[in-house]
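What follows is a single structure, written as structure tokens, with notes after it.
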Ligand SMILES: [Zn+2]
């Protein structure tokens with residue numbers, strides 16, 4: 001019996017259109033790029049799928065689903081992952097798209113394709129790049145069905161829903177079900193190829209980029225929405241059900257939350273559930289994200305938290321410069337405030353400063369230097385900041401390149417060449433600093449750091465300065481009509497109808 005040959009690939013980058021640091025093909029190459037047999041080995045049960053980041057995620061889950069039967073042969077194409085940042089250059093997009101096309105053409109007969117896509121990728125002067133990958137996969141495979149998984153911060157579009165056999169998103173925030181979603185996609189795809197099910201999909205698009213409070217799946221107000229998704233899948237009402245809470249710094253004018261439901265050949269049931277989920281989400285639109293402290297308030301709180309500092313550290317999360325949501329990591333506002341307002345506190349803080357690292361690299365440890373930090377990668381969100389400091393350590397780091405630790409009174413700056421993912425305390429350890437000795441640790445992350453910093457974080461304060469990951473910054477983007485919460489939007493159905501091609505274009509901005 002001929003086995004189903006199923007090709008698989010990952011193209012993952014979350015784009016923040018407010019970040020001016022362009023993403024190039026080199027950024028994928030230096031972060032994560034595997035192809036062919038090397039990718040197949042990385043997705044094996046004892047492999048490491050995205051080295052240094054994720055051991056077993058979507059592609060391993062997909063491969064595990066195929067291994068449950070004996071009628072499918074996985075065909076590895078490539079896996080490309082870059083840290084969230086500014087939009088991809090057009091040559092970068094073309095290189096990824098051409099590679100997908102060439103890989104599929106070289107693969108011979110292919111019965112289906114699985115694409116693990118982030119869903120919130122942006123490319124300069126090109127709308128909805130991920131639908132192009134789906135189109136390319138369809139064309140280059142000679143019309144084979146294309147199964148897609150997304151992050152739940154995806155911005156879904158009509159072209160993707162039409163172009164894919166189904167689109168399945170993560171159901172956890174912070175994300176921890178990558179493997180389960182890849183496996184779900186693999187199982188559904190196989191059942192469809194065997195003729196056991198006939199997937200039909202309905203979706204809804206909401207003119208809303210913020211809502212749902214903290215947007216955590218395990219807490220109200222989103223808990224009930226996720227319970228509904230899980231129940232529909234468990235009861236078999238839906239083969240797959242997803243809610244996408246979007247990435248609010250995406251330049252697509254059709255930005256918004258969305259719901260997506262795939263059933264077994266039951267159009268009405270898919271429409272009903274997609275609609276009901278959309279109503280549930282809309283009912284949560286006024287639960288906005290928490291308001292964060294300004295730098296002065298946060299520093300005063302950190303200073304007052306004597307016991308917390310003695311027993312561990314106070315963690316300040318720089319919510320305006322979240323590197324994992326695409327900010328440059330070059331925002332100097334909080335650091336300047338720490339140096340001017342609390343030089344007596346021992347603070348450890350990351351700053352992406354490739355030019356300063358290059359300037360300091362020839363100097364020796366222990367030397368006192370005068371440098372100007374910031375103002376290069378993202379000048380609009382990074383005011384230049386002159387400091388005098390002593391070089392404590394110089395390190396080569398495989399993840400973010402050359403690193404220099406500069407001590408400016410109590411402020412210890414960890415200057416990195418590449419984007420610094422400060423999710424784990426070992427970011428500081430690898431730079432030569434002991435996080436237990438700090439009063440204050442600055443991280444540039446929204447949530448996952450809380451899990452890893454829990455042993456030493458006695459107090460965590462979110463700080464807003466001004467940057468590419470401010471919730472209110474999304475209000476300056478161009479949308480295809482009134483958008484909650486920037487504008488007063490009475491009903492979601494007008495925008496939804498337009499976005500799904502049900503009614504003609506209309507709608508004017510009122511805010
Ligand atoms: Zn996400």
* Asked: Does region 23-38 contain any residue that is more than 10 Å from residue 79 (Cα to Cα), outside any helix (DSSP H, G or I) and either away from the ligand (no atom under 16 Å from the Cβ) or not assigned by TED's automatic domain parsing to the domain that holds residue 133 (or both)?
  -> yes
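Select from region 90-125 the residues that are under 20 Å from residue 170 (Cα atoms) and more than 16 Å from the ligand (Cβ to nearest atom) and write down the one among them that is surrounded by the most Cβ atoms within 10 Å (Cβ to Cβ).
Here is the first cut: in region 90-125, the residues under 20 Å from residue 170 (Cα atoms) are 113-122.
Next, from what is left, pick out any that are more than 16 Å from the ligand (Cβ to nearest atom): 113-115.
On the way: 113: 31, 114: 29, 115: 25.
If we take residues in region 90-125 being under 20 Å from residue 170 (Cα atoms) and more than 16 Å from the ligand (Cβ to nearest atom), then 113 is surrounded by the most Cβ atoms within 10 Å (Cβ to Cβ).
It is to be established whether one or more residues within region 283-294 are in contact with a helix residue (DSSP H, G or I) (Cβ under 6 Å, 6 or more places away or on another chain) and not assigned by TED's automatic domain parsing to the domain that holds residue 375.
Our first condition is that a residue be in contact with a helix residue (DSSP H, G or I) (Cβ under 6 Å, 6 or more places away or on another chain); within region 283-294, this holds for 289.
Those still in the list that are not assigned by TED's automatic domain parsing to the domain that holds residue 375 too: 289.
Yes, that holds for at least one residue.
Quick check on my filter: what residues within region 196-210 are surrounded by fewer than 24 Cβ atoms within 10 Å (Cβ to Cβ) and within 22 Å of the chain's Cα centre (by Cα)? Walk me through it before giving the result.
Of region 196-210, the ones surrounded by fewer than 24 Cβ atoms within 10 Å (Cβ to Cβ) are 196-202, 210.
Scanning region 196-210 gives a single hit, 210.
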* Only one residue in 416, 422, 429 is free of Cβ contacts under 8 Å to residues at least 24 places away in the same chain, in the same structural domain as residue 337 (by TED's automatic domain parsing) and under 23 Å from residue 360 (Cβ atoms), so which one is that? -> 429
* Take the residues in region 133-154 that are surrounded by fewer than 19 Cβ atoms within 10 Å (Cβ to Cβ) and at negative phi, then tell me which one is farthest from the ligand (Cβ to nearest atom). => 139
* Asked: With respect to residue 356, is the statement that it is surrounded by fewer than 16 Cβ atoms within 10 Å (Cβ to Cβ) and out of contact with any helix residue (DSSP H, G or I) (no Cβ under 8 Å at 6 or more places or on another chain) true?
  -> no
* Say whether the condition of being in contact with a helix residue (DSSP H, G or I) (Cβ under 6 Å, 6 or more places away or on another chain), surrounded by 21 or more Cβ atoms within 10 Å (Cβ to Cβ) and touching a residue at least 24 places away in the same chain (Cβ under 8 Å) is met by at least one residue in region 25-32. => no
* Asked: So which residues in region 155-187 are surrounded by fewer than 19 Cβ atoms within 10 Å (Cβ to Cβ) and within 12 Å of the ligand (Cβ to nearest atom)?
  -> 172, 174, 175, 176
* Residue count, region 478-495 (criterion: surrounded by fewer than 20 Cβ atoms within 10 Å (Cβ to Cβ) and assigned to a helix (DSSP H, G or I)) -> 2
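Evaluate the following for residue 475: is it farther than 30 Å from residue 172 by Cα and either in the same structural domain as residue 215 (by TED's automatic domain parsing) or not in a loop (DSSP other than H, G, I, E, B) (or both)?
On the way: farther than 30 Å from residue 172 by Cα: no; either in the same structural domain as residue 215 (by TED's automatic domain parsing) or not in a loop (DSSP other than H, G, I, E, B) (or both): yes.
When the stated conditions are applied, residue 475 does not pass them.
Here are 271, 330: which of them is modelled with pLDDT of 95 or more, touching a strand residue (DSSP E or B) at 6+ places or on another chain (Cβ under 6 Å) and closer than 30 Å to residue 239 by Cα? Step through it out loud before you land on a result.
Values: 330 fails: closer than 30 Å to residue 239 by Cα.
Matching residue, one of 271, 330: 271.
Right, residue 5: at pLDDT 95 or above, more than 16 Å from the ligand (Cβ to nearest atom) and out of contact with any helix residue (DSSP H, G or I) (no Cβ under 9 Å at 6 or more places or on another chain) or not?
Numbers: at pLDDT 95 or above: yes; more than 16 Å from the ligand (Cβ to nearest atom): yes; out of contact with any helix residue (DSSP H, G or I) (no Cβ under 9 Å at 6 or more places or on another chain): yes.
Yes; evaluated as a whole, the condition is true for this residue.
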* **Any chance residue 66 is under 25 Å from residue 398 (Cα atoms) and surrounded by 19 or more Cβ atoms within 10 Å (Cβ to Cβ)** => no
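The values are calculated or read from the model by the stated rules, or taken from the named source; none is laboratory data. Only a predicted model underlies this, so the values are computations on that prediction, with no experimental measurement involved. Cβ sites come from the backbone with ideal geometry, for glycine too, and all protein chains shown count toward neighbours.
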